[in-house]
Amino acid sequence: MINSFHTTMRKILLLFVMLCLAQTAVKADTDLTAYDNVIFVSPATVGQKSGNEVTLTICMNNTAPIRGFQFDLYLPDGMTAVKTENGKIMASLNSDRLPQGDDHTLSVAEQADGSIRFLCGSPYNETFTGMWGSIATIRVNFKGMAKGWYPLRLKAIKLTESDISRFYEVDEVVTRFTVLADAGTGSTDISAYDNVIFVSPAFVDQTKSGNEVTLDICMNNTAPIRGFQFDLYLPEGMTAVKTSNDKFVTSLNAARLPVGDGHTLTVAEQADGALRFLCGSPYNETFTDMSGMIATLLVNIEGLVYGEYPMTLKAIKLSESDISKFYEVSEIVTKFTVGYNTTDISDNQRETITHHQWYTLDGRLLNGKPTAKGVYIVNGKAVVIK
C-alpha cells in the first residue's frame, strides 16, 4: 500500500511538472483582447515556396484617439529586415489609417540589441483614423528558416494621445510567424502550390483564450492575382461570428491592397454549411505582395474541446486580371488546435498531457468530470466540486 501510494504521488508530481513545462516552454501568444490600446505584428504563415521575402503587417487596435506610437520589434533568429539600396529599412505607414492631408512621419532604426525601433508621430497632433487593423508594414527576409513557429515580439510599446501626457504602455506583445515545410498529419502540403489560399494553422490555449478567435486566411501567389473565391468548411463546434445586422465579421487585409483599391469581399452561408468567399476588383487591380494574410474571419470556438480540428477550403479559384487565366485547387486542409502550448516538449510528454483529465487526490484517473463533492486535480490545479 505504501509503495502504491508513493507511486501515485510520483505520477501526480510528474503531471504537475509536465503541465508546468507545457505552459513555460514557449511563451504563448499574447491575449490581445486584454488591451484596449495595443500594437502587435499580425500572425503570418508562409510556405517554403513563398520566396525569401514577406511583408509583415503591424496592427493597432485602439479605443482612444492615438496621435503617435513607438515600440521595439524583435525579429526571430534567421529573419532580417529588408533594406533599400541606400540602407533604409523597408517600412511604411498604412495610408488607409492616416487623416486627409496627413503629415505623420515614421522613423525605423536598428538598435544596439538588434531590435528595430519604430517612432511615429504628427507635429500637428493629428490622430489616426479607424479603431483597429493595419497601421504599418515592414519587409523581412526569412530565407533559411526551418519549419516551425517563431515569436514576433514587440517591446516597450507606447501609444500617445494628442495630449502627450496621456499615453498607454504595454511591456511586451508576442505573436507568431509560422513556416510550413511539409504537410503534417491530415494537412495539405501548401508548398506544393505556387498560387493557393489557405487558413493559417492556429493554436489556442483553452485555459487562457476567450470564446472568439480571429482566423487568418493567407494567399501565397507567384502570379498577379486580381480576385479569388473558395468555400470554407469550419469544424463542428466552431461557428462564424456575425454582427448585429447578421453579417459575418470578416475583412480584407489592407496591407495587401493597392492604393485607392476597389476590391470588394462578400461572405455568404451555403446550403451545405460552407461559407463562400468571393473577392474581386471591378478595375482589374491586383493584390500586392506574394504571400501572407489576405483576409480574416472571426469565429467562436466555445463548442470545441482539447484536440485537432480540420479547417477545409474547397473549390478554390484565383484569377488574374485576364479572367481567362486562373488557378484552381480542389481542397486545402489545415489545422486548428485546442490544448496546451506544448511546442517545445517531447512527444511522449505531449501525449501524457490531455486537456480534460480529472484525477482524485490519490492519483486515480476519472472518466470525465466528477459529480461527487470533493477536491480534484485538473489541468494541474486543485478544483473543488461543491
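The values are calculated or read from the model by the stated rules, or taken from the named source; none is laboratory data. Note that the coordinates shown come from a computational prediction; the quantities given were computed from them, not determined experimentally. Cβ: placed from backbone, ideal geometry, glycine included. Neighbour counts: every protein chain shown. Note: accessible area is taken over every heavy atom of the protein model, side chains too, but ligands, DNA and RNA are not part of it. Shrake-Rupley method; radii C 1.70, N 1.55, O 1.52, S 1.80 Å.
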* **Cross-link pairs 83/147; 83/325; 247/317; 155/314 - those with Cα-Cα distance over 31 Å** => 83/325; 155/314
* Structure fact -> Those trypsin sites (Lys or Arg not before Pro) from the stretch 54-148 that are DSSP loop and have at most 15 other Cβ neighbours within 10 Å turn out to be 88, 143, 147
* Candidates per trypsin sites (Lys or Arg not before Pro) in the stretch 227-319, loop by DSSP, up to 15 other Cβ within 10 Å -> 247
* **Probe 1.4 Å - accessible area at residue 309, Å² to nearest ten** => 40
* Give me the aspartates and glutamates in straight-line cross-link reach of residue 242: C-alpha distance below 16 Å, same-chain residues under 8 apart excluded. => 212, 269, 302
* To do: Working with all protein chains in place, sort 171, 96 by solvent-accessible area computed with a 1.4 Å probe, largest first.
  => 171, 96
* What is the sum of charges around residue 168, taking Lys and Arg as +1, Asp and Glu as -1, for the other residues whose C-beta is under 10 Å from the C-beta of residue 168? -> -1
* To do: Would you kindly derive the ³J(HN,Hα) couplings of the stretch 318-334 from the backbone phi angles with the Karplus curve 6.51 cos²θ - 1.76 cosθ + 1.60 (θ = phi - 60°), listing them in order in whole Hz, with x for Gly and Pro?
  => 10, 10, 8, 4, 7, 5, 6, 9, 8, 10, 10, 9, 6, 7, 10, 10, 10
* Sites matching GluC sites (Glu not before Pro) across the stretch 188-281 that sit in DSSP coil, with at most 11 neighbouring C-beta atoms within 10 Å -> 236
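So what's the net charge close to residue 255: Lys and Arg +1, Asp and Glu -1, counting the other residues with Cβ under 10 Å from its Cβ?
Result for the local shell: -1.
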* Asked: Tally Lys/Arg at +1 and Asp/Glu at -1 over every other residue whose Cβ is under 12 Å from the Cβ of residue 121; what's the total?
  -> -2
